[in-house]
1. Anything in segment 36-75 that is in contact (Cβ under 8 Å) with a residue 24 or more places away in the chain, surrounded by fewer than 17 Cβ atoms within 10 Å (Cβ to Cβ) and not in a helix (DSSP H, G or I)? List them, or say none.
2. Any idea which residue in segment 1-30 is farthest from the chain's Cα centre (by Cα), counting only those that are touching a residue at least 24 places away in the same chain (Cβ under 8 Å) and part of a loop (DSSP other than H, G, I, E, B)?
3. Can you name the condition, by its number, that residue 91 falls short on among (1) closer than 24 Å to residue 6 by Cα; (2) touching a residue at least 24 places away in the same chain (Cβ under 8 Å); (3) surrounded by 18 or more Cβ atoms within 10 Å (Cβ to Cβ)?
4. Does residue 33 count as loosely packed, with under 12 Cβ neighbours inside 10 Å and either in a helix (DSSP H, G or I) or out of contact with any helix residue (DSSP H, G or I) (no Cβ under 7 Å at 6 or more places or on another chain) (or both)?
5. In segment 94-103, how many residues are in a loop (DSSP other than H, G, I, E, B) and either touching a helix residue (DSSP H, G or I) at 6+ places or on another chain (Cβ under 8 Å) or surrounded by 18 or more Cβ atoms within 10 Å (Cβ to Cβ) (or both)?
C-alpha cells in the first residue's frame, strides 16, 4: 500500500512538472535551460519531461487541472512565484487531483492523519 506522499512524488509531481515545462516552452517561448531554472530541476530533467520519459499519467487532460497548470506557468514566467510558493502551488494542484479521484489504477491509497496533503 502506498501513502499519498509516495504517489505524489512518483506519479503526480513529475506529471505536473512535465505539463508546466511544456506550457512554458510552447506558450512562452522559453528554452529548456530557462524552464529548468524556473522549476528548480536540471535541464536533462526538462528534456525527459518533454520526451515523456518522466510524468506519463493523463491527469493533465482534466480541464480544471490544465487550467491550474496554465495559471502556475504564467505566474512562473512573470516571476510572481518561485521557490516555496511554487512548491505550495504544486502541492495544491496535487491535492486537487487526489481529492477529485483523478488518479486511475491506483488502489489502496493510505492517508496519514498528520499529513498536510491528506487533511
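Coordinate-derived values only; no laboratory data. In this text, all values refer to a predicted model and were calculated from it rather than measured experimentally. Cβ sites come from the backbone with ideal geometry, for glycine too, and all protein chains shown count toward neighbours.
1. 40, 52, 56, 58, 62 - these are the residues of segment 36-75 that are in contact (Cβ under 8 Å) with a residue 24 or more places away in the chain, surrounded by fewer than 17 Cβ atoms within 10 Å (Cβ to Cβ) and not in a helix (DSSP H, G or I).
2. Step one: filter segment 1-30 for residues touching a residue at least 24 places away in the same chain (Cβ under 8 Å), giving 1-5, 7-8, 11-25, 27-28, 30.
The next check asks that each one be part of a loop (DSSP other than H, G, I, E, B); those that pass are 1-2, 30.
Working: 1: 22, 2: 19, 30: 18 Å.
So, considering only residues that are touching a residue at least 24 places away in the same chain (Cβ under 8 Å) and part of a loop (DSSP other than H, G, I, E, B), the one farthest from the chain's Cα centre (by Cα) is 1.
3. It is condition (3) that residue 91 fails.
4. On the way: loosely packed, with under 12 Cβ neighbours inside 10 Å: yes; either in a helix (DSSP H, G or I) or out of contact with any helix residue (DSSP H, G or I) (no Cβ under 7 Å at 6 or more places or on another chain) (or both): yes.
Considered against the rule, which asks whether it is loosely packed, with under 12 Cβ neighbours inside 10 Å and either in a helix (DSSP H, G or I) or out of contact with any helix residue (DSSP H, G or I) (no Cβ under 7 Å at 6 or more places or on another chain) (or both), residue 33 comes out as yes.
5. Within segment 94-103, the subset in a loop (DSSP other than H, G, I, E, B) is 100-103.
In the following step, the residues that additionally are either touching a helix residue (DSSP H, G or I) at 6+ places or on another chain (Cβ under 8 Å) or surrounded by 18 or more Cβ atoms within 10 Å (Cβ to Cβ) (or both) were identified as 100, 102-103.
Residues meeting the conditions: 3.
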